[in-house]
1. If a/c stays under 1.5 just call it rounded; otherwise compare a/b with b/c (prolate if a/b is bigger, oblate if not). Do that for segment 390-469, with a ≥ b ≥ c from the square roots of the Cα gyration tensor eigenvalues.
2. Less than 14 Å Cβ to Cβ from VAL201, Lys/Arg counted +1 and Asp/Glu -1: what total charge do the surrounding residues give?
3. Which one is right for this structure if Cα extents along the principal axes in Å is calculated from it: [x] 104, 58, 43; [y] 91, 48, 43; [z] 122, 64, 42?
4. Just the number, please: percent antiparallel of the DSSP beta bridges in segment 390-469, rounded to the nearest 5.
5. Determine the percent antiparallel among the DSSP beta bridges restricted to segment 265-388, to the nearest 5.
6. Working from Cα positions, state the angle (0 to 90°, nearest 10) between the long axis of helix 257-269 and the longest principal axis of the chain.
7. Rank these for me by crowding, TRP334, TRP538, going from fewest to most other beta carbons within 10 Å.
8. Assign one of three labels to segment 133-387, namely rounded, prolate or oblate, based on the Cα gyration tensor with a ≥ b ≥ c the square roots of its eigenvalues; rounded applies when a/c is under 1.5, prolate when it is not and a/b is larger than b/c, and oblate otherwise.
Amino acid sequence: MIKQSRLILYALLFFTPLCYSQNTDKEERLREIIREYGQAEVTIPYPGIGAIEHLTRNLSVSSVKDKTVHIILSPRTIDWFLLSGYDYAIIERGVIKGLETSLNIAQAMEWESYPTWAQYDSIMRFFSANYPSLCILDTIGTSIRGKLVLAIKISDNAASDEDEPEVFYSSTIHGDETGGFILMLRLADYLLKNYDSNSSVKYLVDNLEIWINPLANPDGTYTTGNTISSPTRTNANGYDLNRNFPDPLSPNTVKQKETLDMMKFMQEHRFVLSANFHSGAEVVNYPWDRWGRYHADNEWFFNISRSYVDTVHLYSPPGYMIDQNNGITNGYEWYSIFGGRQDYVTYELQGRELTIELDVDYITPANQLPLLWEYNYRSLTGYLGNALHGIHGIVTDLHSGDPVPAKIFIDGHDKDNSHVFSDTLTGRFIRLPGPGIWNLTFTAEKYRDTVINNINVTAGQRTDILIEMVPDFNPVDTTNPSKPLLYPNPGSTYVRAVLPENMRGEINVKIFNTAGVKLADFYTETTDREPVKLDVRWLAGGSYIVLFTNVASGLSKTGRIIVNRHF
């Protein structure tokens, strides 16, 4: 026993300094890489779901492959990681290959090299200057270091805010994932150049408002200034911006400037459909990332993800985009994250967003950029078309015709904020369920709940519906009035007229101004259930006389309406 104890003591004395030295050397090497490049990649063995959730709340996990967790460390997170005591391996950073910088804008717009920051800015301005009717340039905000976070809108009347579905593509929220950056620029170029010659492109541009943000994290991509030489995943403060959005399960998430600007931009537009583009894997990832349960429209998400990847497979060699389930995955089933943009958009804004991983290499070599485009561009345009399918409707007040801001949900189906809302100004809404027969419920303050049953949704088709909601209380008694009862009065869009019983049937309606000038003369019909509907949207504000004459009896009645234009 004494001899055995001595052997153990000798072993501890001999090996402990060596192990300590090895750990110290590895830690110093890790810190050296971060000092030189701004970040370092390490791997650890897969620790299980519970430990992964703990990791992703505190670190930037970039991928989980073959039971190995890949983590990107920044100056802000390295101490937390080392104190956690994980056994890790350093992925030594080799020479970054393929980051060829464009010599000028013309070369950059051949899409086979990477633009300088100045060239990127000029390209975005070029689009809006050369296609003024189809494209406008906007600014989402600025980065920590003052670089503009740019976006362009492409539509047939780009300068106008038309009543069309808004869709959004955004890339490179991780500054060192560069393939999507060029893909988004090339997509904008493709849509603008082919508007007059490609009927499919024209259809999308005519019927959608397409927003494209090629570079969401300019400080991460252009860390050294004007060229891409040593890009980092995080922003200038060392934060992973795709772990920085509001999350009900992670309330202490710090909101960086770029995140706050992006949130405001997306809240203003309420995009029907969106996607954000990454690299490091080759897979389409759909919600949820944070929860081990499925979205209410999981089947729809699965099918549009499958459609994107199946189209890619038609035009790419075997082996491309086959990660996880042959190129698609539920986010949580891959690995959980908190504070991700995909879940923020889908949960908080009732949008529908995918995360699309384009390339197993974080930095796509310049000579591979044309292939990345060839594999994906048909899927990129095809995905946008999903916003034109599903249920499209408008919700109005039954009496006034004014738009009603309503909540629209499918009872027994919707959960976790999967419902949608109608637009406050227009009453328009879009709901994108899968094919089937659906019953929609509409609720709004001061209105009776309305249920529309048996709405048929067909894959790849659009179903249009009109909903007229009845106010909870009716301030006017409309039962058999002795003279024309006009409501709402004053009115701004439509005024209803309930006529006495002996006036019902075919009616001639004349509208006069206070000077006696006849402004309208038309025929309509009225019953005890259907009042006369007067469209007053074309009239100037003021007072008008309305003459109702029953065609059969010749009996006439008059009423006065006031048109209100102060709203």
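Computed from the coordinates by the stated procedures, all read-outs in this text should not be read as laboratory data. This structure is a prediction, so every number in the text was calculated from the model and none was measured. As a convention, Cβ positions derive from the backbone with ideal geometry for all residues, glycine included, and neighbour counts pool all protein chains shown.
1. Taking the square roots of the gyration eigenvalues as a ≥ b ≥ c, segment 390-469 is prolate.
2. 0
3. Given [x] 104, 58, 43; [y] 91, 48, 43; [z] 122, 64, 42, the structure-derived one carries the label [z].
4. Taking every DSSP beta bridge within segment 390-469, about 65 percent pair in antiparallel fashion.
5. 35
6. Once rounded, one gets 30 degrees.
7. Values: TRP334 20, TRP538 8.
Fewest to most other Cβ atoms nearby, the residues stand as TRP538, TRP334.
8. Rounded shape, in that the Cα axes give a/c under 1.5.
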